[in-house]
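Right, one structure below, let's go through it.
FYI, it's all coordinate maths here, none of it is from the lab. Given the structure is predicted, the values throughout are model-derived calculations rather than measurements. Here the Cβ is made from the backbone with ideal geometry for all residues, glycine too, and neighbour counts use every protein chain on show.
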Amino acid sequence: MTQHQIVLFVVLPMAAGIATTFLHRYRKAQRWVGAGFLIANIVFACKALATVVPNGDILVSQMGNWPAPFGITIAVDTLSALMLTMASIVCFSVFLYCVFQFDRDQQGGFFHPMFHLLILGVQWSFITGDFFNLFVAFEIMLMASYAIFCVGTSRKQMKQAYKYVLLNLVGSTMFVTLLGLIYGQLGTLNMADITRLAMSDQLPKSSIPVIAMMVLVFGGKTAIFPLWYWLPDTYHTLPSAIGGLFAGLLTKVGAYVMIRVFVMMFGTSQAITDVVAPILLVSAGITMFLGVLGAVSMHTVRRILSIHIISQVGYMLMGMGLAIATGIASDIKEMAVAGAIFFIMHNMVVKCCLFLCGGLMVEHAGDDNLEKIGGLLKRAPWLATLFMIAALSLAGLPPLSGFFGKWVLLSAGFQSQHYVVVFFAVLTSLFTLLSMLKIWSYGFWSPSMGKHVDKPERRPTTVGGMWGIAILVIVALSMGLGAQKYYTMCSMAAKSLIDPTNYVKAVLGEQNTPKLAINDMLPETSPKKLVIKSDSYETSGH
C-alpha cells in the first residue's frame, strides 16, 4: 500500500454511506453493496498492516500537499494498522449478523448508510494526525451512533438515547473547548508537532492542567471511573448487534486515543506524566474491580456484558498508567503498552462476539433474563460452544487471547512493583470467570425454560447470524494460539509510541525531529534518568 492510498480508509466508508443512501428503497442492493465495501475495507486494512509491520514503516499523506503542521495530516503506523484491521473484521461480522437476524423494519430506512458512516468516523479517528480532525471524526462517529441507537425504538431504548446524546454533547463541547485552549498555548494541533514540543521540553507550564483535563474527555468516551455512569443503563437496551458494535468499537476508540495522546504525545513530558499516571492507575484499579462487581450482581445477559465493558477498560488503563509512570525501565514501559494494545484488540473481538451470542440466546429463548431461560446447550449446541470459547477468553483462561493480554499486563505491573493494581487485576479476572460461568450455568446448562420452549415454530433460523460469531471466535482463537506473532506486532507498535522519533520524522521531516534517548535502567538506588537532545540544547531530569 502506498502512502496516498491510506485515504481510502476514509473514502471507502464515505462512498458506501452515500451509495447505500441512494439505494434505500432497494434493500437487497444495499446489503450487497455494503458487503462489497466492507470486504474491500478488510483487504486494504490487511494490506496496510502488511506494509508497515515488517520494517516499522509509517505511511503519511498530507492532504492538498500542504506540509505539516499547516495542512491536514493522515498517518498509518503499526498501532493504527492493527486497530484498522481488527475494526474492519468486527464491522463485517456485525454486518453479517444484522443482515440475517434483523427484521425488515430494523434494516429499513437509513440503517445501512449510518452503519458505514459510523465506520468512517472510527477509521478516521485511527488515522488522523491532528487534534481538530480527531474532533471531526469523533462527531461523525457519534452522529451516526445517535441514529443507529434508535434501531428498534423500544421505550427503554429511546429513554436512554436522550441521556446518551446529552452526555456526548457535553463531552464534545468540553473537547473542542480544550482544543481551543491548547491551540492558544501551543500554536498547533498537529499531533507530531505537539509531540516534538513535548520531546524538546517546550510545553508551557500553563498547558499542563489543560492537557490533564483531556483525561475527562477521553475517559468519558472510554467509560472509566468515575465517568462510566452512562454506559450500564444504555447498552443493554440496544439490539444485541448494535450493542456489540458499540462495545467493540466506540469505547475502544477512546482507549486508542488515550494511548496515542498520553503515551506517544505527552509520555516524554515528565511534568504531565507525573499528573496523569497516578490518575490512570488509581482509576484502573477502581474501574476493574467495581465494574466486575456490578456485572456479577446482574441477572440479565446484556446487563452483565454491558457492565463488563467497564471492567475490561480497567486493564487498558493499567497498561497506559504503567507506560507513563516515572521510575520504570523502558523495557517494562514497552511491555505495558504492548499488553494494553493486545488487550484492546482482544476485547474488540471477544466483547462484540459475546453480545452477538447474547442476541441469539434471546432469539432461542425469547428473553435474556437468566432466571427465565435455560437448556440452550441442547437446543443450540454450536451457540453454546462459541459462547464458551469467547467467555473463557474474556475471563483470561489459557491458551485463549484474554490470558496472554492479562499476563503481559500483570507481568509489567509486578516488575514495576505496582502490586495494588496487579491485585485488583487478578481479582477482577476471577470475578469475570464467575460471571461468565453464571451465564453458562443458567442459560445453557440448566433445564429448558423460556418463552419459546414449547413453541417450535418460534425457534428462529440463526445459521446466518452464527457466521458473524464464528468469524470473531476464529480471530480470537488465532490471537490465543498465535499470541507470539500478535504480540510481536504490538511490541513494535509500543516501541514506536515510547520513542516517537520516527513518527515525528515521518510527519514533520528529519530537520524538525528532536532525538529522544532513554537510558537503560540504572541500579535500584539511582533514579531513572531521561535525556532529551536537540540541535540547540540538552536537558536532563530525574
Query - Label point distance in nm, Ala50-Lys485, each placed 7 Å from Cα along Cα→Cβ - result: 1.2 nm
**Report entry** Difference of contour (0.36 nm per residue) and Cα-Cα distance, Lys159 to His4
**Finding:** 51.4 nm
Query raised in the report: Hey, any idea what Rg/Rh is for the chain, computing Rh the Kirkwood way over Cα pairs?
Result: 0.97
Query raised in the report: Points 7 angstrom from Cα along the Cβ direction at Trp467 and Tyr229: gap in nanometres?
Result: 4.4 nm
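With r defined as the distance between the Cβ atoms of Gln202 and Leu430 and R0 fixed at 35 Å, what FRET efficiency is calculated, to the nearest 0.05?
Rounded to the nearest 0.05, the efficiency is 0.15.
Pairs to check: Lys252/Lys406; Lys47/Lys351; Lys47/Lys495; Lys406/Lys485. Give those whose C-alpha atoms are more than 19 Å from each other in this structure.
From the list (Lys252/Lys406; Lys47/Lys351; Lys47/Lys495; Lys406/Lys485), the Cα-Cα distance tops 19 Å for Lys47/Lys351; Lys47/Lys495.
Tell me, Phe100, Phe342 in order of fewest to most beta-carbon neighbours within 10 Å?
Phe100, Phe342
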Report task. Please work out the Cα center distance from the range 256-299 to the range 11-71, rounded to the nearest Å. Result -> 31 Å
**Report entry** Rough spin-label spacing in nm, given labels placed 7 Å along Cα→Cβ, for Val296 and Val170
**Finding:** 3.0 nm
Query - For the range 241-294, the Rg and Dmax computed from alpha carbons only, in angstrom - result: 13.9, 43
Query raised in the report: Packing-wise, with mean Cβ within 10 Å as the measure, how do 387-400, 345-358 rank, highest first?
Result: 345-358, 387-400
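Calculate the FRET efficiency for Trp382 and Ala271 from the Cβ-Cβ distance with a Förster distance of 56 Å, rounded to the nearest 0.05. The partial results should precede the final answer.
Numbers: r = 55 Å, r/R0 = 0.98.
Plugging the Cβ-Cβ distance into 1/(1 + (r/R0)^6) gives 0.55.
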**Report entry** Residue-by-residue Karplus 3J(HN,Hα) for the range 420-429, coefficients 6.51, -1.76, 1.60, Hz, glycine and proline x
**Finding:** 5, 5, 5, 4, 5, 5, 5, 4, 4, 5
Requested in this report: For Phe70 and Tyr146, compute 0.36 nm times the residue count separating them, minus their Cα-Cα distance, and round to one decimal in nm.
Outcome: 24.1 nm
Report task. May I ask which residue of Ile127, Val301, Gly413 lies farthest towards the positive end of the charge dipole of the chain, with charges of +1 (Lys, Arg) and -1 (Asp, Glu) on Cβ and the Cα centre as origin? Result -> Val301
Report summary line: Going from the fewest other Cβ atoms within 10 Å to the most, one would list Met158, Met86 as Met158, Met86
Report summary line: Between Gly374 and residues 5 or more places away or on another chain, the pairs with built amide H atoms under 5 Å apart involve Met449
Report summary line: Taking the alpha-carbon centre of each part, the distance from the range 484-509 to the range 193-228 in Å is 20 Å
